[in-house]
Amino acid sequence: MSDRAATAPSLAEVRREAERIGFVACGVAQLEPSRRADALERWLAAGYAGTMRYIHRQARRRNDPALITAGARTAIVVLENYTAARDERPRAGDAFKIAAYARGMDYHIVTLGRLHRLAQWLKGRGARIAHAWVDDGPVPERELAERAGLGWIGKNTMLIHPRVGSYTFIGTVFTDLEFRDAAAPVADLCGSCTRCLDACPTGALLGDRVLDATLCLSYLTIEYKGELPMDLLDAWDRWAFGCDICNDACPWNTKFAVPSNVPEFAARDRPDRRDAEVFERMTEREFDRDYADTPLARAGVTRMRRNMRAASGGRDPAGQ
Ligand code: B12
Ligand code: SF4
Ligand code: SF4
């Protein structure tokens, strides 16, 4: 027996290590071709990706995850809980709202760092390949999480864990280690509920687990670089970065999600959400100093000012 075979961990050991690092769920997905390749192709053909051209470029690898990391045989999939505590959530008097995932440090730093620890541990246990990904590659993250038995894809298109909810980031480590354990699929527990579809203010959720990103406030405030559509301003409801409405509406979050204990995700005192002019007054240098390690850096100060105008219903945030 080779050293490698002697030291390769069981899935139970991987789970224990993932839990020790702080992840709230862990499973393993085989790198078989996607069962939803047609859904992705239809979604792209319909133009629902808007200006996110990178998804078109990644489609071939997303549909065949074995092409993503050379030599990898399986993906270890983890969930990172970022649920906000009650006192971190938007309040009635706030001038604008920021999605819960962006209230603290960027998960591309925090979660990727924790995934690198898991990857190093796997290498110490015989893996030759252990590549960590979180929202930074052609990985069909929701489908792999579903395949790993970590939840179902709800009508709001979120991966929902029956005990954790959907305020989770999905991370993966692609590895050459093989695990024969078959994941028990999680049943679709949406049932006849339509709360997320009813709550979405722009009609971006088309039913059938399909989201038209071009109508989604999250896309418009984070990804879209042009002028914001005036006809949606009435629906904006003060969102200045991202949107949590279809997650907030979901009973699996309202009943079961518990606040994250990851200290880096805790809400910061900046920006002051009662101050509608906060980004107007700030220089680019000040923005970079205060927000470089947060998700807001993706928008930059110029787009945050644009978003603030929309969050203020199209008026100048200063009210002039
Ligand atoms: C592009 C993108 C977006 C776009 C489009 C979102 C979308 N729903 O497609 C925009 C900018 C709008 C967005 C918004 C958000 N995002 Co985003 N996003 C992505 C990204 C980079 C790719 C998603 C994608 O490919 N979409 C195309 C669709 C077709 O694919 P899909 O979402 O994987 O969906 C699958 C289902 O549609 C399913 N499907 C299709 N038909 C059917 C039919 C049935 C019956 C079933 C069961 C399933 C099913 O198959 C698809 C393909 O596998 C992923 C990271 C990644 N690499 O996957 C993060 C990701 C999906 N986003 C994430 C988050 C946190 C968000 C926000 C909550 C952020 C915020 N608060 O503003 C919102 C949520 C909005 C929403 N309801 O989805 C997390 C979601 C974690 C989770 N628990 O699900 C991810 C996984 C990033 C991460 N690593 O954690 N996002
Ligand atoms: S994130 Fe907001 S705008 Fe986008 S689908 Fe969900 S509720 Fe609708
Ligand atoms: S709100 Fe209802 S329909 Fe929407 S994802 Fe949650 S359980 Fe499913």
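Comparison of 275, 288, 269 shows that the only residue that is without any contact (Cβ under 8 Å) to a residue 40 or more places away in the chain, in a loop (DSSP other than H, G, I, E, B) and farther than 21 Å from residue 167 by Cβ is 269. Somewhere in segment 85-96, is a residue touching a residue at least 12 places away in the same chain (Cβ under 8 Å), crowded, with 23+ Cβ neighbours inside 10 Å and not in a loop (DSSP other than H, G, I, E, B)? No.
Is it the case, given these coordinates, that residue 231 is under 26 Å from residue 280 (Cα atoms), out of contact with any helix residue (DSSP H, G or I) (no Cβ under 9 Å at 6 or more places or on another chain) and not aromatic (Phe, Trp, Tyr)? In short, yes.
Filter segment 182-198 down to the residues that are in a helix (DSSP H, G or I) and away from ligand 1 (no atom under 11 Å from the Cβ) and list them by number.
195, 198
For segment 183-219, taking the residues that are without any contact (Cβ under 8 Å) to a residue 24 or more places away in the chain and within 12 Å of ligand 2 (Cβ to nearest atom), the one that is surrounded by the fewest Cβ atoms within 10 Å (Cβ to Cβ) is identified as 203.
Of the residues making up segment 221-232, one or more are part of a helix (DSSP H, G or I), away from ligand 3 (no atom under 16 Å from the Cβ) and surrounded by 20 or more Cβ atoms within 10 Å (Cβ to Cβ).
Condition test on residue 108, is it more than 18 Å from the chain's Cα centre (by Cα) and surrounded by fewer than 19 Cβ atoms within 10 Å (Cβ to Cβ)? Here the answer is no, as residue 108 does not meet what is asked.
Within segment 151-158, is even one residue away from ligand 1 (no atom under 13 Å from the Cβ) and either within 21 Å of the chain's Cα centre (by Cα) or over 16 Å from residue 76 (Cα atoms) (or both)? Checked segment 151-158: no residue is away from ligand 1 (no atom under 13 Å from the Cβ) and either within 21 Å of the chain's Cα centre (by Cα) or over 16 Å from residue 76 (Cα atoms) (or both).
None of 204, 187, 183 is under 30 Å from residue 109 (Cβ atoms) and over 20 Å from the mean Cα position of the chain (by Cα) except 183. Picking from residues in segment 238-258 that are in a loop (DSSP other than H, G, I, E, B) and within 9 Å of ligand 2 (Cβ to nearest atom), the one that is nearest to residue 219 (Cα to Cα) is 242.
No lab work stands behind these numbers, since they all come straight from the coordinates. Keep in mind that this is a model prediction, so the values were computed, not measured. Virtual Cβ from ideal backbone geometry, glycine too; neighbours counted across all protein chains shown.
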